[in-house]
């Protein structure tokens, strides 16, 4: 495996993790500002090592004598390179520190062989002339490539060259670069990634002449389980140069890039009449494009979501790869003029929160069968995020307002991947954007810790909402009933109390056994200790069995979509009641 990290202005010591790259055979680190000892490279079986023109010091490891192609000049080592008894000739081109020590050793070798000073001068002259010719050629080629506005690619057979820029994306500390881009073994597949290159002005800078044979450590985009996330992206990133000739790290984004003008036109300048929702991260607008397409645009409030543009684009890259029937698809984005705009598929039947809590007397009531279906679809979305995606994605903001319903009452979970971990300073989200009052697990409220188990708790609260028709927190109720979880938990295993908890709008149209089993699942999900909550796959299996039994409600309701229609009847006092 070949890695060229030369001429990147790296500084600092070599990290110990570099010694774990057992597959590395060729390493070029020349022309940086690296310092400290090089002992970490001693146990790597390298055949080609170039660390020239840095600030390395200390002793030259004896293991370096076995490297057939070695360049270490331009450093401050305090000893000579130990001679290799089996291979003298291959190191003739590798003078030691600052071009003096090893050359003196070689001079001694020539003198002992009976060769005089004229031969040494002749050889030195040839080397100097050759180096000058090569440098002049490279300088001319570099200037020519710059004049064309394209960074010159470094090409080697079956190799990959990486150049890191000098803008805000630059990695000055070499240890930071290694920890962020090499989990155990570096593996980049530029030819496979080139197919995902966006249609912007980025020019490909990672090149490969020929396709190297894939090893078990290499990762291609076809192998990735969406979304790539940090660990996967570290092994599958593509690097492109920008228009100014600087170099920056970018990630491939499959979503469409929109202009601010196009989105303003589609939303009538984000007018109130196009507003369809508002949450902790910003507002959502209906967007009607001239070609007849209707989408939803989330305008993120930058005061609530403080990611830098590069980090935000990496988040978009991950979200755009989420593909599940119960997750809203990210189709586009816009980062012009500091904006943070996300374009999603449009789900036109409102949110679960609206259906449960804001329906009027003439609206249709969501039936028990449909409520079970909504719970199952939402659980499947979380199962995908927790157990299919690598690394796992924690939603962190599950609530009924983030569950969108289509015309057939299928749930679509929104805001997946947006609540980024607060433990990462580069991806910080304000507290208000993580968790929602009434849905947040106890461990998050107490310590700010949020895991996949916390999502399970939030699903349990949402299922209670489906069961009772009540809001998670409702200050309009008596104090003992304001917290849905606190009020409901003691009654979940009491069949008589349970029947009184059910949403009265269901009019008793539900199987009693199905109701009891639904409550059992809720009780498991909202346990105080996170380790006692079931994994999402178990919740899905339980809800699948429950949904099969609950299908009887659809036949009783007589509605193909699973609605129960409210019928008004007036009693003798003139007060309307539901039957």
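The values are calculated or read from the model by the stated rules, or taken from the named source; none is laboratory data. Computed from a predicted model, the values in this text were never measured in an experiment. Virtual Cβ from ideal backbone geometry, glycine too; neighbours counted across all protein chains shown.
The residues listed here are 281, 295; of these, the one that is crowded, with 19+ Cβ neighbours inside 10 Å and touching a helix residue (DSSP H, G or I) at 6+ places or on another chain (Cβ under 7 Å) is 281.
Among all residues of the stretch 16-25, there is none that is touching a residue at least 60 places away in the same chain (Cβ under 8 Å), touching a strand residue (DSSP E or B) at 6+ places or on another chain (Cβ under 9 Å) and in a strand (DSSP E or B). Note on the stretch 324-342: among residues that are in a loop (DSSP other than H, G, I, E, B) and modelled with pLDDT under 95, the one that is farthest from the chain's Cα centre (by Cα) is 339. Only helices (runs of 4 or more DSSP H) whose full extent lies in the stretch 486-566 are considered here, and the ones with at least 2 residues that are in contact with a helix residue (DSSP H, G or I) (Cβ under 7 Å, 6 or more places away or on another chain) and modelled with pLDDT of 95 or more are 512-525, 536-550.
When residues in the stretch 351-394 are screened for being more than 20 Å from residue 506 (Cα to Cα) and either at pLDDT below 95 or in a loop (DSSP other than H, G, I, E, B) (or both), 6 of them pass. Given the criteria assigned by the TED database to the domain that holds residue 72, touching a strand residue (DSSP E or B) at 6+ places or on another chain (Cβ under 8 Å) and modelled with pLDDT of 85 or more, does residue 29 qualify? The answer is yes for residue 29.
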